[in-house]
Amino acid sequence: MALRCLPIWVCPQTPHRYPLVGRRVSLWECSSSPSAASQRAVTAIEGNGPELKKASDEMGLVQEAKSVAFHRDLSMLPKPLSANSLYSSAGDDSKVRISFQGIPGAYSETAALEAYPNCETVPCEHFETAFQAVELWLVDKAVLPIENSVGGSIHRNYDLLLRHRLHIVQEVHLPVNHCLLGVPGVNKEEIKRVLSHPQALDQCVNSLNDLGIQRLSAKDTATAAQTVASSGKKDVGAIASVRAANIYGLDILAENIQDDANNVTRFLILSREPMIPRTDRPYKTSIVFSLEEGPGVLFKALAVFALRSINLSKIESRPQRRRPLRVVDGSNNGSAKSFDYLFYIDFEASMAEIRAQHALGHLQEFTSFIRVLGCYPMDLVR
């Protein structure tokens, strides 16, 4: 759908080029055909999964206009931006403004504050809107969850990385602390039903089974906390963060109730401009590419990193939407088909290193499309 916004001045950006030995080519995006290049989307993206029935409707939890005595005035919280309501707004130039999907108290907001403790966070209705807010110069950066150590990769967000022209400039590893929240004065034994995002519920199955609590899905963890605070029901709890408890005036009945104590979510910080790579500390580079046809071509593509002692920390494949199928060979009248893939790779080297430049130059021999998504300092686990 079309975006409605006030006019704003945008300065055209010139793609940065990294020097390569051999062929001279822009590594931010190279393609053998126009169809392989990614295009910027102007339509909003649906959620990461099938539409869920609102738990608040199931339980008769109605959002009330006036605040209840035990929680803060929810009307004072910032409202998430939607794709139809993006507009230019004045902000404090001394603060970095970071957009995130969700409402105040979301884990994405916590990740933004972990990266920039003094930043101003801007809630957005969808991940797509968070990207668009950066592109329209309404905010400086966006934060995006990309994978969880228990739930795995968030595939739709990989698609957004390719669809938009933003650059990864930082990563944040955020330990997950799922808390059981309730209205003030309630004991956890009184909780009979709990709201949260489906993944959060799945990550706390054992704890919830021990308490005999019925699980109900919500849009996200922060929305679950807001719904419980607005309802005032003592038998209804939420699984959310410590920050959500503080914002919505809920009591923390139990902390770290996730089944896996080493539950970590990896977030990416995105910006309009790429980070200038250096060699003063460990760096990571993220790329996406598609391969030419041929036997063993994937093996050859990955070997360019092993030949230069470059460690691959992440490999993700996604079917190409433009051409998901290709004919394997013509000997069987073209009936046999296979998926055509995009490969997302994170490797542990800086683009300022000659070995990384040579590796990408070598990789181009096997690819029909390649783009550097970002080169950024590694978030070392302490």
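The numbers here are math on the coordinates, done by the rules we state, and not lab data. Please read all numbers here as calculations on a predicted model, not as lab measurements. All Cβ positions, even for glycine, are placed from backbone atoms using ideal geometry, and neighbour counts span all protein chains on display.
Reported to two decimal places, what Rg/Rh ratio describes region 113-249 when computed on Cα atoms with Rh from the Kirkwood expression?
Over the Cα atoms of region 113-249, Rg/Rh equals 1.01.
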(message) Give me, ordered by chain and number, the residues 5 or more places off GLN170 or on other chains with an amide H under 5 Å from its own placed amide H.
(response) ILE269
(message) Using the Karplus curve 6.51 cos²θ - 1.76 cosθ + 1.60 with θ = phi - 60°, what ³J(HN,Hα) values do you get for each residue of region 129-143, in whole Hz, with x for Gly and Pro?
(response) 5, 4, 5, 5, 4, 6, 5, 8, 6, 7, 9, 8, 8, 10, 10
(message) Apply the Karplus curve 6.51 cos²θ - 1.76 cosθ + 1.60, θ = phi - 60°, to the phi angles in region 194-199 and return the couplings in whole Hz, x for Gly and Pro.
(response) 9, 10, 4, 5, x, 5
(request) Would you work out which of PRO184, LEU211, GLN199 lies farthest towards the positive end of the dipole of region 180-238? Charges go on Cβ: Lys and Arg +1, Asp and Glu -1. (result) PRO184
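Would you kindly calculate the mean projected area, averaged across all directions, of the convex hull enclosing the Cα atoms of region 95-175, in square nanometres?
The Cα convex hull of region 95-175, projected and averaged over all directions, gives 5.1 nm².
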(message) Filter LYS188/LYS233; LYS95/LYS219; LYS188/LYS219 down to the pairs with a C-alpha to C-alpha distance above 18 Å, please.
(response) LYS95/LYS219; LYS188/LYS219
(request) Please turn the phi angles of region 227-238 into ³J(HN,Hα) values with the Karplus equation 6.51 cos²θ - 1.76 cosθ + 1.60 (θ = phi - 60°), one per residue in order, whole Hz, x for glycine and proline. (result) 5, 5, 5, 6, 6, x, 6, 7, 8, 10, x, 9
(request) Based on a Kirkwood Rh over C-alpha pairs, give the Stokes-Einstein translational diffusion coefficient of region 148-215 at 20 °C and viscosity 1.002 mPa s in µm²/s. (result) 143
(message) For a quick check: with amide H placed at 1.01 Å from N, whose amide H comes under 5 Å from ALA254's, ignoring anything fewer than 5 positions away on the same chain?
(response) LEU180
